[in-house]
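One structure is given below, encoded as C-alpha cells.
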Amino acid sequence: MRSNLFVILFALFALQGCATQPLRGTGDLGVVVERASGKLQIVDTTTRAILGKVSGLGDLSHATVVFSRDQRYAYVFGRDGGLTKVDILRRRIVKRVLQSGNSIGGAISQDGRLIAAANYTPGGVKFFRSDTLAPVADIPAIGADGKRSKVVGLVSAPGDRFVFSLYNAGEIWTADMKDPAHPVIHKFTGVGKEPYDGIITPNGRYYLAGLFGEDGMALLDLWHLPNGVKRILNGYGKGSRRLPVYKMPHLEGWGFYGRYAFVPAVGHHEVLVINTDTWRQAGVIPTYGQPVFVVGQPYSRHIWVDFAFPDNDAIQVIDAPTRRIIRTLKPGKGVLFLEFTPRGGNVWVSARDSNKLVVYDTDTFQRLTELPSHKPSGIFFTPRAYKLGW
Amino acid sequence: MPQKKMTAGLMALILSAALPLSHGAPAQTVTSPTPTRRAVLINMVREDCGSCHGSRLTGGLGPALTPRALKGKNPVSLKDTILFGRPNTPMPPWNPFMSDTEATWIVNQLMKGFPHAQ
C-alpha cells in the first residue's frame, strides 16, 4: 500500500516535471554521436553542457545527422541502415525505420520535406517524408557497367535536387526531386576511379567529388549540366610517394579563403589549395599527417585540419592568407571530428579514444572545457539546418 | 605513378609467395597478446578498421569481417591482407602497427566473432 503511494507520487512528480519544462529554442543545441553505444548526446553550446542522451539508435559507426528546418528534429543515419528521427527538445526517438542493410549518410531537401539516405547495400538512394519517414522514392545506383554501386557523397542542392557519387562505377548523378514520384535523373559516367566523398560549394553551383583511386577530383557545374564533369587536379601527388591511407578523408564543410579552397590530399601529408576561378592547384601546405577534415572557421582566416590514424592525436590550424600552420593542438587520442559554434567563437572536438569532447576558444586557442563522451565521433550543431548540402 | 605500380607489384609478389605455403593450413595457434596489447588491438579493429568495415564489422566501404563472411577463407591469406594490405583497393598494410602473431590473433578472433572492448 505504502509503496503504491510512492509510485503514484513519483508518477505525479514526473508528469509535473514534463509540464513545467521551460520553453527554449534549439538554435544553440547539437548532437554528438557516441558510436560504440548507439547513443546521441544532446549538447548545449551556450552553457557547454551535456543535456542528456537518446539511446536505441543502432549501429552508429560512421553515423551522420541532418536537421529539420525548424531545428527541432535530428535525422540520424546509422551504419545498419537505420534512419531515426530524434526530438532534440524531448530527447527521444519520434520514429525509426530500417531503410537498408548498410548506409553511409544522407541529406535533407532544400524545402525540408524529403530526407535522402545514401546506401552501400543495396547501393542507391532512398527518399522519405521528413515528417513521417514514409518512403517516397528509391533510386537504385546501377552504373553503366550494369552493376549496383555503393553511393557516397550525397548532398542536397538548390531546386530540391540531390547530387551523389557511385563509388564502384565512378559516376556522378543528379536527381531533381521536385516531384518525388517522378525523379529527373542526370548521370555522368567515367568521372574517375572510386569517388569517396562529395561536397557542394556554398553558392550552390559546383559539386566536387574526391577520388580515391587516382590523384584528382571530379567537378560538376550544376548551373551548366550539359558541360559535364571536368577532371581537376590531375596527378596532384606527382613527385611524392602516395602513402597508405588508414582513414578515408572527408569533404565536409569548406575551407575557403577568397577564391581559394582548401581540401585534403589523399595519401599525402598535405592540404591542397585550389583556385576556384580556374579550378587549378594553387599551392600545397605540408601538414602533421594525412588530413581527414579540412574545415574553415566561420568569419575567420583560419582553417582547421584533423588527421588520419596514426596521426590522429592532433589538430592543426592553417592561416589561410599566409598558408602557414599557426597552431598544433593536442586534444586527446583518436581525434575524429570538429564542429564550430555558428559564429565561429568555439570549436568542439571529439577525441574518440580519450572518451571526451574538448571545447576550444578559437580566438585564444585555450581549452574552455572537456566533457565526458563514450567513443564520440560526429558532432552536429542545429544551425546546419540552414545550410544546403547537408 | 610508376612507383605506385611497383609497390602494388611487390605486394602481389609477397602475397603470392605467401599463399602456396598457407594453402589449406589451419589457423596457427599462437600465444595470445598481453591483456594491454589485446585492448589496443581490439580498439584498433573496432574503431580504426571499423571506419571502413563498420564498428560491428558488418561492412561498409570495405567488406564484412563477421565469422559468416569469413567462413571458408584461408586464415593465413587473411593475415597477410591485414599485414600487407591489398593492392588496388583502399586496404592499407597494417604491419607498421602490429606483429605477425598479433595479426594472426586478430584473424582467429574475427573468425570466432570479434570481442568487444572492455
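The values are calculated or read from the model by the stated rules, or taken from the named source; none is laboratory data. For clarity, every value in this text was computed on a predicted model and none was experimentally measured. Here the Cβ positions follow ideal geometry from the backbone for every residue, glycine too, while neighbour counts run over all protein chains shown.
General remarks:
- Scope region A:196-215; condition away from every other protein chain (no Cβ under 12 Å) and either assigned to a strand (DSSP E or B) or buried (at least 19 other Cβ atoms within 10 Å of the Cβ) (or both); matching residues: A:Gly198, A:Ile199, A:Ile200, A:Tyr206, A:Tyr207, A:Leu208, A:Ala209, A:Gly210
- Within region B:26-41, one or more residues are buried (at least 16 other Cβ atoms within 10 Å of the Cβ), modelled with pLDDT under 95 and out of contact with any Cys (no Cβ under 9 Å at 6 or more places or on another chain).
- So A:Glu252, is it farther than 24 Å from B:Gly54 by Cα, of a type in the set (Asp, Glu) and either free of Cβ contacts under 8 Å to residues at least 60 places away in the same chain or within 11 Å of chain B (Cβ to nearest Cβ) (or both): no
- Meeting the requirement of 3 or more residues that are closer than 16 Å to A:Ile50 by Cα, the strands (runs of 3 or more DSSP E) wholly within region A:322-390 are A:346-351, A:356-361, A:367-372, A:376-381.
- Failed item in (1) within 14 Å of another protein chain (Cβ to nearest Cβ); (2) touching a residue at least 60 places away in the same chain (Cβ under 8 Å); (3) surrounded by fewer than 20 Cβ atoms within 10 Å (Cβ to Cβ), with B:Val45 passing the rest: (3)
- Highlighted here are the strands (runs of 3 or more DSSP E) found entirely within region A:42-100 that include at least 3 residues which are more than 18 Å from the chain's Cα centre (by Cα): A:49-54, A:92-98.
- Yes/no for A:Lys238 being within 14 Å of chain B (Cβ to nearest Cβ), of a type in the set (D, E, K, R) and in a loop (DSSP other than H, G, I, E, B): yes
- Test: residue in region A:287-297 that is farther than 25 Å from B:Gly54 by Cα, out of contact with any Phe, Trp or Tyr (no Cβ under 8 Å at 6 or more places or on another chain) and not β-branched (Val, Ile, Thr): no
- Taken together, A:Leu225, A:Leu251 contain a single residue that is surrounded by 18 or more Cβ atoms within 10 Å (Cβ to Cβ) and under 29 Å from A:Arg384 (Cα atoms), which is A:Leu251.
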